[in-house]
Amino acid sequence: MKVTIFNGSPRKNGNTVTMTASLLEKIRAGGADAEEVFLYPMNIRGCMNCGACRGSGECALKDDCITALKKFEDSDLVIFASPIYMWHLTASLNAFIERLHSLCDHEAGINRMEGKRIAMAMTMGDDEYVAADVVNALLMFCGYFKIEYAGAFAVPFADKEQIMRPLYQEKMRDFVDKIIK
């Protein structure tokens, strides 16, 4: 199984990176091939709704997202990882998700996302309720593009110590066991 974590955190040593490092360790221990793609330093523009992908399934914007889209296509399971800022994903992860639309044109019968599995992993400086809109949006995204929603993992009031607490490490193991099948 090929697993790719698309990390939208702008901080190289932040809480989300601490979480994804632990996730990668557990995923690899479960026998999956896993990698992490850091989106923030990449040049990824948001979708401009130009329509060029209709009928072709190819995005007209030629930036770093093309490489990330290929990694998405080559993955069996994708995990979107992000800190939650003001009830939303980071701008870099959101821009990447917008560009995934280029992989699907329902009218032309193209959907290179169908059958994929997607999960979400989040850190936040508040209670989990601040991630409700993000999870709901991902559920709608998965339904529209015929993607299997694999689940979500969240660390509220996150800091490095909280993430590494036995409680969250156990929850993370349970999450990995659930999504790696």
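Figures for the structure shown
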{"read-out": "Packing-based order for 76-84, 136-144, using average beta carbon neighbours within 10 Å, highest first", "value": "76-84, 136-144"}
{"read-out": "Dipole moment magnitude, nearest 20 debye, the chain about Cα centre, only Lys, Arg, Asp, Glu C-beta charged", "value": "260 debye"}
{"read-out": "Alpha-carbon centroid distance for the pair the stretch 115-161 / the stretch 3-73, whole angstrom", "value": "15 Å"}
{"read-out": "Aspartates and glutamates whose Cα lies under 13 Å from that of LYS71, excluding same-chain neighbours fewer than 8 positions away", "value": "ASP33, GLU35, GLU36"}
{"read-out": "Using θ = phi - 60° and Karplus 6.51 cos²θ - 1.76 cosθ + 1.60, couplings along the stretch 16-21 (whole Hz; Gly, Pro as x)", "value": "5, 5, 4, 5, 5, 4"}
{"read-out": "Sequence ranges 38-45, 111-118, 4-11, ranked by mean other-Cβ count within 10 angstrom, highest first", "value": "4-11, 111-118, 38-45"}
{"read-out": "Using a Förster distance of 41 Å, the FRET efficiency for ASP159-ASN43 (Cβ separation, nearest 0.05)", "value": "0.85"}
{"read-out": "Other-chain or far-sequence residues with amide H under 5 Å of ILE79's (modelled H)", "value": "THR4, ILE5, PHE6, ALA119"}
{"read-out": "Calculated P(r) of the chain - Cα pairs past 23 Å, %", "value": "38 percent"}
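Readers should treat all values here as calculations from the given coordinates under stated rules, not as data from a laboratory. What you see is a predicted model, and the numbers here were worked out from it, not measured in a lab. FYI the Cβ positions are ideal-geometry reconstructions off the backbone, even for glycines, and counts take in every protein chain you see.
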